[in-house]
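Below is one structure, written out as C-alpha cells; the observations come after it.
What follows is calculated from the coordinates using simple rules that are stated; it is not laboratory data. Since the structure is predicted, the reported quantities are computational estimates derived from the model, not experimental observations. Cβ sites come from the backbone with ideal geometry, for glycine too, and all protein chains shown count toward neighbours.
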Amino acid sequence: MFNRSYIQGHEEHPHFISDSKLSLLQKNITFSLEDEKLVRIIRNLSDPTKLKIYLLLHKVEEISVTDLTQILELSQSAVSHALSDLKNLGLVESHRCGQLICYSLSTGKKKSKFLSFFGRFKPKGIQLR
C-alpha cells in the first residue's frame, strides 16, 4: 500500500501508525470547497498588515482608512490594498462617511465558519494507538 520501509522495526513504538490508519488519516485531511475558501482566509491573514487590521477591527465598531494608516504607520496605498483583499474575502465591509471610507467587520456566518474551521479536522473514530 504505502512505501514505508523506514518504519520497519518500529511497530511497538508510540509513533507507529498502521497502513490502514494512515489511509484513514489521509482521507480525513482533504479539504472541501468551503474549506478551501477558509484556507484562503488563513493564508491572507498570515500577512502581518492584514492580520493587524483584522485584529484592530475586533476592537472598534468601525474605523476610517486614515485612522488605520496612522495606527499602523503605513501608507494609505498599503492599507487600502490590505483592506481590499479582506473585503474580497468577505471579512470586512466598507461604507462612505462624507469623504472618508470606513471599515468594519462583516456580519454573518463567515466569522463563525472561520472560527470553527480547525475543529473540523479532529480525527473521527481514529485511534492512533
Quiz item: Using the 10 angstrom Cβ neighbour count as an exposure proxy, how do VAL92, VAL39 rank, fewest first?
Solution: VAL39, VAL92
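Starting from the Cα gyration tensor of segment 31-113, take the square roots of the eigenvalues, sort them a ≥ b ≥ c, and report rounded, prolate or oblate (rounded when a/c is under 1.5, otherwise prolate if a/b is larger than b/c, else oblate).
Prolate.
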Self-check item: Counted charge near SER94, where neighbours are those whose Cβ lies closer than 14 Å (Asp, Glu -1; Lys, Arg +1)
Solution: -3
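Fewest first, what order do TYR103, TYR54 take by the number of other Cβ atoms within 10 Å?
TYR54, TYR103
Mind sorting CYS97, CYS102 by how few other Cβ atoms lie within 10 Å of their own Cβ, fewest first? Could the numbers behind the result be given before it?
Values: CYS97 10, CYS102 19.
Sorted ascending by nearby Cβ count, the order is CYS97, CYS102.
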Quiz prompt | Fully extended contour minus Cα-Cα distance, from GLU36 to LEU22, at 0.36 nm per residue | solution = 2.8 nm
Quiz prompt | Charge tally in the Cβ shell below 15 Å around HIS81, where Lys, Arg are +1 and Asp, Glu are -1, HIS81 excluded | solution = +1
Practice problem: For a label point 7 Å from the Cα of GLU93 along Cα→C-beta, name the residues of segment 44-66 whose backbone N is under 12 Å from it. | Solution: 62
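About the Cα centre of segment 31-113, how large is the charge dipole given +1 on each Lys and Arg Cβ and -1 on each Asp and Glu Cβ? Please answer in debye to the nearest 20.
220
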Self-check item: DSSP-loop trypsin sites (Lys or Arg not before Pro) across segment 8-59, with at most 11 other Cβ within 10 angstrom
Solution: LYS59
